[in-house]
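Coordinate-derived values only; no laboratory data. Please read all numbers here as calculations on a predicted model, not as lab measurements. Using ideal geometry, Cβ is built from the backbone for each residue, glycine included, and neighbour counts are taken over all protein chains shown.
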Amino acid sequence: MATNVRNIIVGAAQLYLSSKLSTDGTPAASYPLGTGTTGVAAAGASAYLDTQTSTTNGWRNVGFTSAGLELSYEPNFGEVTVDQSLDAARLFKQSQKVTVKTEFAEATLDNLFIVMNQQASTLTGTGLGTGGTGNYAQNLDIVGGSLGDYPVERSLIAVGQSPRSNNTVNGQERVYYAARVMSIDTSAHALKRDAGTFFPVNFRLLPDSSTTNNAYGRIVDRTW
């Protein structure tokens, strides 16, 4: 097999979460899983990273992150054993889980609000993390909710490095899109004299039933 060092990628990703919330199992932002004009085009006039701002398309950049961005794909298989074989005769998929894990390095209430999976009504005011300047006041109520509450769902975009093509182009990038993500795991952060305050977060992904193949999302390598 021919080897190609251009396929080795290194570097952090920029992470965006939808501003719109969802509790009904539909994608929380208007971002179809198509191509061309209906999704992430394979090529464009500018980097896809530059098209996503705090005021564009309902997405918000979470800012600096730490410990990278980790995508975990965890299938679980059952097995059928028979008397005549020492090992399993057949395997069958019985469950699956997909997660995205990172740490928010910008300790804003906007980010803590996402980590704690709070409803929109619990975050009031405007903080510097959302573009405010000068005097500001922001409050995040830590609420328990009610028995049987559904978790708040968002959509996620991450833009990072992709393998480089042999063609002479301005740049290449890899766009990760997840239709339905939610923070439902335990997250703890500390205030220390000799260390920064980071918000660890582990997003659980769920499939989008509106797609033909019940997809969790899509990964696109594109040039610009």
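Observations on the structure shown:
- Treating r as the C-beta distance of V143 and S165 and R0 as 41 Å, the FRET efficiency rounds to 0.25.
- Residues in region 205-224 reached by a label modelled at I184 [backbone nitrogen below 16 Å; 7 Å Cα→Cβ]: 205-209, 216
- Whichever aspartates and glutamates have a C-alpha closer than 20 Å to that of K93, once near sequence neighbours (fewer than 8 apart) are set aside: E74, E79, D208
- Report note on the peptides 172-184, 142-154, 105-117, 77-89: ranked by the mean count of other C-beta atoms within 10 Å, highest first, their order is 172-184, 105-117, 142-154, 77-89.
- Point-to-point label distance, T212-T126, nm (Cα→Cβ direction, 7 Å offset): 4.5 nm
- Measuring r between the beta carbons of T3 and A67 and using R0 = 35 Å, the FRET efficiency lands at 0.75.
- Region 176-222, dipole about Cα centre (Lys/Arg Cβ +1, Asp/Glu Cβ -1), debye to the nearest 20: 80 debye
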